[in-house]
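Asker: Got a structure for you, written out below as structure tokens; questions coming shortly.
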Amino acid sequence: MRYYPFPFDRTAVVRWIERNRKRYEDHGHGLWAMDLRSSGEMIGDCGITLQEVGAEWMPEVGYHLRRDMWGQGLASQAAVACRDHSFRSWDYEFLISLIRPENEPSRRVAQRNGMTVWKEITRVGLPHLVYRVRREEWEDIVRR
């Protein structure tokens, strides 16, 4: 949680789980568990959540991966699968990823997901880059 405003304590984790459950009730999607096929062990999560950007709610491809699993392409693989599923299942015109500028690993995942920096915002008092891929761009990627 290095790039979060603060690390979660137990109370914050419980609230986070409750928010994710509510996302499924309200929008039909949220973060999915990432499990290793070889062992079934949960190593992170990835999925689509609606995030507030300015005064608008936007669909975000979000991902969190256990540090010991970094560098194996797992976050990129999950993010691409979520992107593809989202464009095939819902009528979103674009997807975003909100990333702190210093979070190079997440920036690389967004780039592998066909995203480019769209704009910069301040969120929870911290600078964030808004990476975006539009449906038309995704269609070009899929056709290749």
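Asker: Tell me, LEU126, LEU65, LEU74 in order of fewest to most beta-carbon neighbours within 10 Å?
Answerer: The order, fewest Cβ neighbours first, is LEU126, LEU74, LEU65.
Asker: Additional query: So what's the back-of-envelope 222 nm ellipticity for the chain, counting only DSSP H runs of four-plus at -39500 (n - 2.57) apiece and dividing by all residues, rounded to 500?
Answerer: Numbers: 4 runs with 52 residues, N = 144.
-11500 deg cm²/dmol, from helical runs alone.
Asker: Where Rh is the Kirkwood radius over the Cα pairs of segment 10-143, the temperature 20 °C and the viscosity 1.002 mPa s, what D in µm²/s does Stokes-Einstein return? List each step's numbers first, then the result.
Answerer: Values: Rh = 15.5 Å.
The Stokes-Einstein estimate is 139 µm²/s.
Asker: Something else about it: Be a star and scan segment 102-144 for residues whose amide nitrogen sits under 14 Å from the point 7 Å along the Cα-to-Cβ vector of ALA12.
Answerer: In segment 102-144, the label zone of ALA12 (backbone N under 14 Å from the point 7 Å along Cα→Cβ) covers 124-126.
Asker: Still on this structure: Of ALA78, THR49, PRO105, which is farthest on the positive side of the dipole of segment 10-143, counting Cα position, with +1 on Lys and Arg Cβ, -1 on Asp and Glu Cβ, and the Cα centre as origin?
Answerer: PRO105
Asker: Compute, for the chain, the length of the dipole vector about the Cα centre, with Cβ point charges of +1 (Lys, Arg) and -1 (Asp, Glu) only. Units Debye, rounded to 20.
Answerer: 280 debye
Asker: Right, next: I want to verify a result. In a Gaussian network model of the chain, Cα cutoff 10 Å, which of these has the top mean-square fluctuation: ARG107, ARG88, ARG23?
Answerer: ARG88
Each value in this text was obtained by applying a stated rule to the coordinates, not by laboratory testing. Since we're looking at a predicted model, the values are computed, not measured. When we count neighbours, we look across all protein chains shown, and the Cβ atoms used for this are built from the backbone with ideal geometry, even at glycine.
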